[in-house]
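These notes are about the structure you will find just below.
The values are calculated or read from the model by the stated rules, or taken from the named source; none is laboratory data. Quick caveat, the model's predicted, so the values are computed rather than measured. Cβ placement follows ideal geometry from the backbone for every residue including glycine, while neighbour counts extend to all protein chains displayed. Just so you know, the surface numbers come from the protein's heavy atoms only, side chains and all, with ligands and any DNA or RNA stripped out. Shrake-Rupley method; radii C 1.70, N 1.55, O 1.52, S 1.80 Å.
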Amino acid sequence: MDTIRIAKVDNVILEHYIPPTTSNGQPSKVRKTGGIHLTPHHLIFCENPAPVAGVGIPGGSSSSSNIGGVVAGTSSSSIASTTSKDKQNKNDEIWIPYPTITLLTKLPQSIQGHYPLKIETKHFENYVFLFEKDRSMGKSGGAEDVWQSIKDSAVKTSVEQLHAFFYTPPHSHSTRPLPSSSSTIGGWATYNPRNEFARQGLGSKTKSWRFTDINKDYSFSPTYPNKMVVPTKISDSTLSYASKYRSKGRIPVLSYLHWGNNASITRSSQPMVGLKNSRSAQDERLVECIFSSHQYPEAAYSAPVYGATTTNLIIDARPTTNAMANVAMGAGTENMENYKLGKKAYLGIDNIHVMRNSLKIIIEAIREAESKPSGILDRTLLRRSNWLKHLSTILDGSLMIIRNIHLNASHVLIHCSDGWDRTAQLSAISQICLDPYYRTIEGFNVLVEKDFLSFGHKFMDRSNHLSSERYFILSENNDQESDESDEENGGEGATKAAQAFFASVQKQFTNSTASTSHLKEISPVFHQFLDCVRQIQRQFPERFEFNEQYLLEIYYHLYSCQFGTFLFNNERQKSQYTTQTTSIWDHATQNKSVYINKEFDGTLDKKAEGDQGVLLFDPKDVKFWFRLFKRGDEEMNGSPVLLQQQAQGVDVVGPITSSLQDPATLSLPVPGTTNPVRSVSPLPPQAHTLNNASGSGSESNTPIKRGLTTSPPVPGGGWNWQGAFNVVQSAGRQIKNISQDAYNQLKAEAVEVDDPWGSVPDSRSSGSGEMVHAASGGINGLEERKEYRTYTPRTNFRIPSESNPWSSSSNSTSVHGPAPVIPSTSSHARPSTNRVNSNPWSTTTPDRPATSTPTLLAPEPNTLERKISPSLADLTLNDKYSTTTQIPKTATDSSSKTEDEEMVRAAMGDDKKAWDPLGAL
């Protein structure tokens with residue numbers, strides 16, 4: 001109670017939008033006058049300005065408990081009630097739980113003289129309260145008092161301060177339940193691992209799986225359940241070694257066993273592969289046993305059941321770029337060379353940050369619509385959010401899992417990065433469609449407890465129950481006006497400014513980083529799961545026992561913090577507070593009749609008829625859940641054509657059987673090696689032939705979607721991953737090839753290249769200007785060695801005298817080393833060619849020598865693959881005044897001094913006057 005400055009404010013005007021009554025309608029704006037009651041966990045607006053009977057100022061423990069308990073059970077989306085008086089006042093009250101507030105803004109004074117206070121909630125309901133006063137004067141409060149009270153009450157430092165720890169169920173609100181073993185009976189006992197997996201057939205239909213207690217004290221993996229199901233052939237010792245290879249020790253464990261063919265859905269986190277291409281024999285053995293679990297342990301190596309190992313899949317829910325980025329951080333994805341019994345597919349589901357920003361755009365569109373007089377929603381912003389695209393991508397990946405389990409009778413291993421967000425979504429959605437039990441109210445509760453709560457979905461971090469001070473904003477204009485008014489009242493404005501300054505400095509040097517770091521973990525993961533379930537429910541309205549209202553109720557209490565079900569990050573944290581909080585499943589059981597779908601027909605799920613109870617939905621048929629967003633159907637979704645365009649998901653990459661096809665493990669092609677390079681070149685067809693390193697032939701790779709370039713493996717099956725610059729490097733090489741070909745074509749037309757593709761003398765007798773690219777014997781063939789052949793000068797040139805300041809004498813020292821001894825004759829020197837008349841671009845006159853022009857060398861006859869020049873500096877020079885056929889980029893050999901002298905000759909000519917027009921020499 002210390003956080004509440006004022007408990008009640010009368011004569012407050014409320015402006016807000018109420019949802020449309022029909023699907024084709026639009027929200028309507030209403031204006032009410034009433035009173036505000038502030039409790040430790042709620043803001044309550046009563047349209048009747050008189051205090052509601054039984055609700056007083058929360059100064060005592062009993063009244064506070066009743067306000068937060070009995071009446072709080074009736075949310076804006078719930079129709080559960082306890083007494084007739086509650087039913088009568090239900091429509092006249094608006095309850096706003098503090099954890100649902102996403103933005104509380106104190107606006108400047110309006111023209112009418114009111115002091116506005118705007119509240120935005122996670123339930124997509126926005127409220128504007130207009131106060132008569134800004135600050136408390138006597139017993140009545142103002143806008144600033146309410147703003148500060150809500151801020152102090154909403155920002156929590158511990159989960160034990162949330163409403164769930166003070167909430168009393170309606171049937172026992174007189175006394176709190178004492179901690180005992182009987183208190184766990186009910187909602188907290190909804191999911192029992194042994195009962196649930198026994199229902200799936202563990203121990204009766206198959207003996208290939210067993211329970212393990214290796215995590216009974218949560219020391220093996222703190223984010224995993226204490227009871228896990230693993231293959232029978234895998235010992236706990238093997239599991240201990242395999243956990244070191246998976247992120248946070250989240251090894252592959254069983255989540256679902258199909259009733260029809262014993263195909264399994266297992267889940268895990270990403271492997272710790274890293275840049276060193278690490279592997280684990282224990283992890284490989286564990287996955288192998290999972291993929292061969294159709295067979296009994298005593299017949300592990302007998303003939304497999306038909307279809308058992310044909311399309312076993314490892315589903316990586318991430319985009320390929322995210323998997324590549326995680327390799328640099330020591331993690332990554334499986335190298336399928338080590339997992340022979342399965343294939344891999346990338347689903348391309350974006351991470352939590354992309355999903356958070358997508359929902360923010362929808363919230364921005366709703367906020368802008370309510371700020372306009374017309375109140376029309378901008379569908380352009382909705383399309384920009386890509387919300388439907390994300391939903392379609394999740395549903396598309398789930399459909400792949402469903403088909404592989406039910407139709408192909410094969411196993412699926414799902415993981416993303418840590419295995420508690422996208423993995424939980426895919427696993428749960430697939431099970432809803434595979435097993436009719438999970439489409440009942442009881443089965444849906446079990447599914448949420450199993451795949452989200454027990455496997456460590458971070459409800460606390462993703463929902464941000466503890467709130468943050470960044471959600472509470474004071475308008476700058478309002479502060480300035482308040483300061484001016486305070487200066488007239490004895491200098492109180494200066495005192496307030498000083499306090500604000502010291503508070504900001506203290507925050508900057510204390511916990512400013514800690515108070516905002518958790519905001520990056522917020523993401524609507526469970527919201528997306530409920531949305532996907534609603535999309536399937538809309539396509540199959542007769543196959544679900546629960547109705548849409550049940551999903552809306554679960555979404556409401558996801559953020560209300562009234563129950564302890566969605567308050568924790570893992571099962572370990574939840575197990576510590578089960579005796580102190582109430583489960584939401586108790587609330588669902590008491591009001592089960594409200595959530596029954598009247599169109600439900602359980603006979604359609606008979607396994608011997610029709611679709612055998614398996615729902616194969618259309619992943620492109622998605623719409624905005626307009627009732628969740630408190631808008632109209634036509635307003636949000638528009639025409640079906642627009643919906644179809646917005647629902648286009650990403651392409652699935654896969655199935656992948658080896659590292660040759662895995663975009664996340666592709667090596668960077670290196671010039672001079674046998675890696676395939678896409679290029680546009682006028683080379684003959686035989687020049688594009690690709691030979692492998694051994695020269696024994698070429699290997700054809702299975703094409704992969706998205707047009708990604710593949711490369712052959714290096715010896716030993718290691719990774720040749722070179723970072724995220726494959727595309728840039730490949731584009732650069734293609735541009736260089738095109739420019740070189742165009743340059744050579746121009747020179748050929750100018751009759752300056754005698755034989756551009758002719759034969760080249762052997763390397764042992766060619767000139768120094770010809771540079772040879774050869775694959776070095778470095779590691780993985782990634783290094784390149786440049787061999788410069790020995791230069792052999794012609795003998796009909798005169799060496800410049802010492803009076804030539806550009807020449808390098810034999811006594812001077814070159815930067816590249818001493819000059820080598822020049823042989824007197826050479827039988828392999830190329831004859832000089834006069835290019836003065838043959839060059840149409842030449843500006844040479846009889847008094848001035850021709851400018852040397854670089855030419856391209858022909859490829860070696862023994863090489864069928866196009867050689868790529870490292871740079872234009874490797875092009876050769878050849879004119880009648882010089883025998884230098886190439887100027888290398890770097891010269892570290894003994895012939896560097898001779899090359900410098902030849903460069904001087906090319907500039908001087910045979911006569912000093914040619915380079916000394918002033919006659920100085």
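Hey, can you tell me all the residues within the range 243-294 that are among the hydrophobic types (A, V, I, L, M, F, W, C) and closer than 16 Å to LYS343 by Cα? Steps first, please.
First, pick out the residues of the range 243-294 that are among the hydrophobic types (A, V, I, L, M, F, W, C): 251, 253-254, 257, 259, 263, 265, 272-273, 275, 281, 286-287, 289-291.
Hits for the range 243-294 are ALA263, ILE265, LEU286, VAL287, CYS289, ILE290, PHE291.
When ILE554 is tested against (1) β-branched (Val, Ile, Thr); (2) under 29 Å from ILE352 (Cα atoms); (3) touching a Cys at 6+ places or on another chain (Cβ under 8 Å), exactly one condition is not met: (3).
Return the only residue of GLU368, GLU334 being free of Cβ contacts under 8 Å to residues at least 40 places away in the same chain and acidic (Asp, Glu).
Values: GLU334 fails: free of Cβ contacts under 8 Å to residues at least 40 places away in the same chain.
Going through GLU368, GLU334 in turn, just one is free of Cβ contacts under 8 Å to residues at least 40 places away in the same chain and acidic (Asp, Glu): GLU368.
Let's see how each residue does on (1) assigned to a loop (DSSP other than H, G, I, E, B); (2) hydrophobic (A, V, I, L, M, F, W, C); (3) farther than 25 Å from ALA164 by Cβ:
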residue	(1), (2), (3)
GLY564	yes, no, no
LEU567	yes, yes, no
GLN573	no, no, no
THR578	yes, no, no
ASP586	no, no, no
PHE600	yes, yes, yes
LEU604	no, yes, yes
GLU609	yes, no, yes
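Counting only helices (runs of 4 or more DSSP H) that sit completely within the range 312-408, those holding 3 or more residues that are of a type outside the set (A, V, I, L, M) and open to solvent by 50 Å² or more (accessible area, probe 1.4 Å) correspond to 352-371, 379-385. TRP147 - would you say it is in a helix (DSSP H, G or I), within 35 Å of the chain's Cα centre (by Cα), modelled with pLDDT of 90 or more and surrounded by 20 or more Cβ atoms within 10 Å (Cβ to Cβ)? When the stated conditions are applied, TRP147 does not pass them.
No other residue among PHE540, PHE566 is in contact with a helix residue (DSSP H, G or I) (Cβ under 8 Å, 6 or more places away or on another chain) and within 28 Å of LEU434 (Cβ to Cβ) apart from PHE566.
Somewhere in the range 341-348, is a residue within 27 Å of SER292 (Cα to Cα), charged (D, E, K, R) and either under 23 Å from the mean Cα position of the chain (by Cα) or not assigned by the TED database to the domain that holds PHE626 (or both)? Yes, the range 341-348 contains at least one residue that is within 27 Å of SER292 (Cα to Cα), charged (D, E, K, R) and either under 23 Å from the mean Cα position of the chain (by Cα) or not assigned by the TED database to the domain that holds PHE626 (or both). ILE251 meets each of the listed conditions (1) farther than 27 Å from PHE220 by Cα; (2) at pLDDT 95 or above; (3) hydrophobic (A, V, I, L, M, F, W, C); (4) in a loop (DSSP other than H, G, I, E, B) apart from (1).
Just checking, does the range 542-549 include any residue being under 28 Å from ALA154 (Cβ atoms) and either open to solvent by 40 Å² or more (accessible area, probe 1.4 Å) or in contact with a Leu (Cβ under 9 Å, 6 or more places away or on another chain) (or both)?
yes
Residue check: LEU43 meets all listed conditions (1) in contact with a Gly (Cβ under 6 Å, 6 or more places away or on another chain); (2) part of a strand (DSSP E or B) but one, namely (1).
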